[in-house]
Amino acid sequence: KQEVTQIPAALSVPEGENLVLNCSFTDSAIYNLQWFRQDPGKGLTSLLLIQSSQREQTSGRLNASLDKSSGRSTLYIAASQPGDSATYLCAVRPSYAGGTSYGKLTFGQGTILTVHP
Amino acid sequence: GAGVSQSPRYKVAKRGQDVALRCDPISGHVSLFWYQQALGQGPEFLTYFQNEAQLDKSGLPSDRFFAERPEGSVSTLKIQRTQQEDSAVYLCASRYGNTIYFGEGSWLTVV
């Protein structure tokens, strides 16, 4: 059974710092990995999606890397801003397995990020 | 609609009451998922529909949970005889290709 772990559980940083969020997964047979952002009382917004064949994806100040063989991904946030404060979740989609996975995602428990001015 | 719409946004139910949560996916999206998110945890898979067919219900925690999508668009998650442990946010998502879109969730509190 796939298990996804995120470290740290919470992080508080001053504005302007670069930071790294970590995600590890136990089963390397993944189709892709996604990073999501969740604001309080809101749904999930997809930030970056990395296919299993890719090593990294970038969007603005965000960079996500994937090392499938070691079961790790990192989300790097450059020059953090108070508006980045949210919960960040990583999720893996299993590789096709006889049609039984249906692309359902397994999530980590999230990292609560607070960026203070 | 522009996004995945869920209703009600907030529901307080007395223990033992039945509840129904509605999801309007993005028009044309074939795949629809329900997830349950407990406080401080990541979402956990409940069930998956492809059009009107429920192809995976392995995540439903008990037979008190039932989901349907009779016409392949709107879906309803029903919880019978609610218990306190059912208190959570219920997230609906629809998918097109690799992109998954989540609704804002239905917050259920059982008292």
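Taking the square roots of five times each eigenvalue of the Cα gyration tensor of the protein assembly as shown, the equivalent ellipsoid has semi-axes of 29, 21, 16 Å, listed largest first. For the pair B and A, the buried accessible area comes to roughly 1600 Å² in total, with a 1.4 Å probe and the value rounded to the nearest 100. Grouping the Cα pair distances of chain A into 10 Å bins from zero gives a pair-distance distribution of 15, 47, 29, 8, 1 percent in increasing distance order.
Once the 1.4 Å probe is applied to the protein heavy atoms, chain B comes out at 49 Å² accessible per residue.
For chain A, the per residue solvent-accessible surface stands at 47 Å², with DNA, RNA and ligands left out and a 1.4 Å probe.
Taking every residue in B:37-45 and counting other chain Cβ atoms within 10 Å of its Cβ, the average works out to 6. Of all the accessible heavy-atom surface of the stretch A:26-117, with the other protein chains kept in place and a 1.4 Å probe, what percent is carbon and sulfur? Carbon-and-sulfur percentage of accessible area, whole number: 51.
Taking every DSSP beta bridge that has both residues in the protein assembly as shown, what percent is antiparallel when rounded to the nearest 5? Roughly 90 percent of the DSSP beta bridges within the protein assembly as shown come out antiparallel. DSSP beta bridges fully contained in chain A are about 90 percent antiparallel.
What's the whole-number percent of alpha carbon pairs in chain B lying beyond 23 angstrom?
Taking all Cα-Cα pairs of chain B, the fraction more than 23 Å apart is 20 percent.
Applying the criteria of a DSSP loop state and at most 15 other Cβ atoms within 10 Å to the trypsin sites (Lys or Arg not before Pro) of the stretch A:16-98 yields A:Lys42, A:Arg55, A:Arg61. Of all aspartates and glutamates in the structure, those lying under 15 Å Cα to Cα from B:Lys14, and not within fewer than 8 positions of it along the same chain, are B:Glu85, B:Asp86.
The values are calculated or read from the model by the stated rules, or taken from the named source; none is laboratory data. Source: prediction; values computed, not measured. Positions of Cβ are generated from backbone atoms using ideal geometry, with glycine treated the same way; all protein chains shown enter the neighbour counts. Surface accessibility is based on the protein's heavy atoms, side chains included, excluding ligands, DNA and RNA. Shrake-Rupley method; radii C 1.70, N 1.55, O 1.52, S 1.80 Å.
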